[in-house]
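Data block below; observations after.
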Amino acid sequence: MNLQPSMQTLALPRELPQRQRLADELHARPFETLASPGRVLSIATLRTGAAQDAQWLAHLTELEPSLAASGATHLRLQWRGLRIKWERHTEFFSLSLFCEGGEGGAFDTAWLDVLPDGWLERLPGEMVSATLVALVPCAGEPPHVREVAPLFGSEPVVGNRIADGAATVVTDLRAVDGVTRFLVFDHALNRRRAGRTAQRLVEIDTYRMMALLSLPLAARRMGELGAEEAQLASLMERFRGAADGDEALLGELVSLAARVEHALADHGARFSATRAYGGIVERRMAELREAVVPGLQPLSEFLDRRFRPAVESCAATAARQAELSKRIARAAQLLQTRSEVERERQNQSLLASLDRRQGMQLRLQEMVEGLSVIAMSYYGVGLAAYALKPLAKAVGANEAWVIGALVPVVVVAVVLNLRRLRRHLASAH
């Protein structure tokens, strides 16, 4: 097989408009390379609105006036020996500055003096994290923890071997002067691997802080949920004892449901974000491929002891909030069921009352009809007597017998006529 590149263009069907953008998504944000000695400073600020995109672009144009990428999600530029990478995420912006070489201590920040005065201080948005990664060459074993700890100014420090033993990372995960610092001893990292390692450490710190944004909210909601659950228990006790009417209970239940659903709408996305960010931190830790260093607490163990419980507390608050919403829905359904049963009982009682009234009306109607038959028959016989008396006298018949024979005929005629009229009215309805 010829391994030379082909210059032939293949004729293909019409392409989906978004295909190229989707295909390039995997390559949209490649890792930066880094050589030791080298430093990375990454700052993340919260994104509170689309207007900040323009503010960031204006801020970056102070370094690169020709920059024009208003819809971009990531940008790269050079500034006096610094490589600068800017990225826009869903909830935050990140700015990373890379420097290779340089003199001074591991955490010396004099290399940032090439930036315009106050440029970092004027970054748009509120800072959620600032991470400084210092990469130093180390051919043999890393210094003992007692020698490294003074660089951080605190005890204890945590760390471990990473990248299959090609580097050792040490940190205290404290924000000193607003910056969390990582010291990486480079044993056998190439430029690409060093860049990936630094980026993972930055993301661990950034996403750790983003995940913890909901921790104060979770603490507050836990207290509110206790009061809301107590109110629901009180409502159900009153429901069980039938101490109040259903309308009063339903009004209070609707008010409680509105508060809980409002909290779900306000805080559900924040708790979901915490779960997602916590998952990213765990994946980045797994990608470091740790190996334990004797005498040094592993970074993953420290995060498991302090970070994971915080994330699980937020998850427990979200689950408790959702469960309370379901319990309120079940309580409302029970209340509605009891109301429907009571309404059905009242309807049955009303129908029984209507049946009784209808029976009374029927009997009254039958009595009125009987009286009507008597009255109509009486007047019919009287009228017919005026016509038959002269005829009876003419033929010599007894008038009393003639009228007596007329009575049953008139009564039968009146009854038949009333029945025909009733059938006609019934068919009309």
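Results, tabulated for the structure shown:
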| item | result |
| --- | --- |
| Positive dipole terminus of the range 284-379, leading residue within Leu334, Pro298, Leu324 (C-beta point charges) | Pro298 |
| Computed label-point distance, nm, for sites Arg345 and Ala248 using a 7 Å Cα→Cβ extension | 1.8 nm |
| Neighbourhood net charge (10 Å Cβ-Cβ; Lys/Arg +1, Asp/Glu -1) for Thr33 | +3 |
| Structure-derived semi-axes √(5λ) of the Cα gyration tensor in Å: which label, when the choices are (i) 31, 28, 20; (ii) 96, 29, 19; (iii) 35, 30, 20 | (ii) |
| Rounded to the nearest 20 debye, dipole of the chain from Cβ charges on Lys, Arg, Asp, Glu | 2260 debye |
| Per residue accessible area in Å² of the range 201-320, where ligands, DNA and RNA are left out and the probe is 1.4 Å | 49 Å² |
| Point-charge dipole on Cβ atoms (K/R +1, D/E -1) for the range 188-278, about Cα centre, debye to 20 | 1340 debye |
| Full-extension gain in nm, Thr48 to Phe107, via 0.36 nm per residue minus C-alpha separation | 18.1 nm |
| Solvent-accessible area per residue for the range 53-139 (1.4 angstrom probe, square angstrom) | 47 Å² |
| Inter-probe distance in nm under a simple model that places probes 7 Å from Cα toward Cβ, at Ser255 and Ala384 | 7.8 nm |
| Protein accessible area in the chain, 1.4 Å probe - carbon and sulfur % | 58 percent |
| Ranked packing of 333-339, 13-19, 157-163, 355-361, most packed first, by mean Cβ within 10 Å | 157-163, 333-339, 355-361, 13-19 |
| Label-point gap, in nm, between Asp355 and Ser234 - each point 7 angstrom along Cα→Cβ | 4.5 nm |
| FRET efficiency for Gln333 and Ala219, using Cβ-Cβ distance with R0 set to 35 Å, rounded to 0.05 | 0.65 |
| Highest-first arrangement of 186-195, 259-268, where packing means the average Cβ count within 10 Å | 186-195, 259-268 |
| Estimated vicinal HN-Hα couplings, Hz - the range 195-207 in sequence order (Karplus 6.51, -1.76, 1.60; Gly, Pro = x) | x, 5, 5, 4, 5, 5, 5, 4, 5, 4, 6, 5, 6 |
| Antiparallel bridges, percent of DSSP beta bridges restricted to the chain (to nearest 5) | 85 percent |
| Amide H contacts of Glu290 (H built 1.01 Å from N, under 5 Å, at least 5 apart or other chain) | none |
| At R0 = 22 Å, FRET efficiency that the Cβ-Cβ distance of Gln20 and Glu62 yields, to 0.05 | 0.10 |
| Centroid-to-centroid separation of the range 41-87 and the range 210-253 [C-alpha atoms, Å] | 46 Å |
| Selection from Ala139, Val128, Ala175, by position along the positive dipole direction of the range 108-233 (Cβ) | Ala139 |
| Positive-pole candidate from Trp79, Thr90, Gly118, dipole of the range 70-179, charges at beta carbon | Thr90 |
| Calculated from backbone phi, Karplus (6.51, -1.76, 1.60) coupling profile of the range 119-131 in Hz, x at Gly/Pro | 5, 5, 5, 9, 4, x, x, 8, 6, 9, 7, 9, 10 |
| In order through the range 179-188: 3J(HN,Hα) via Karplus (6.51 cos²θ - 1.76 cosθ + 1.60), integer Hz, x for Gly, Pro | 10, 8, 10, 10, 10, 10, 8, 8, 8, 7 |
| Peptides ranked, highest mean first, by Cβ atoms within 10 Å: ranges 209-217, 167-175 | 167-175, 209-217 |
| The chain, helix-only ellipticity at 222 nm - DSSP H runs n ≥ 4, -39,500 (n - 2.57), divided by all residues, nearest 500 | -20500 deg cm²/dmol |
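The values are calculated or read from the model by the stated rules, or taken from the named source; none is laboratory data. None of the values given here were measured: they were computed from a predicted structure. Backbone-built Cβ (ideal geometry, glycine too); neighbour counts: all protein chains shown. Remember, those area values only see protein heavy atoms, side chains included, never the ligands or the DNA or RNA. Shrake-Rupley method; radii C 1.70, N 1.55, O 1.52, S 1.80 Å.
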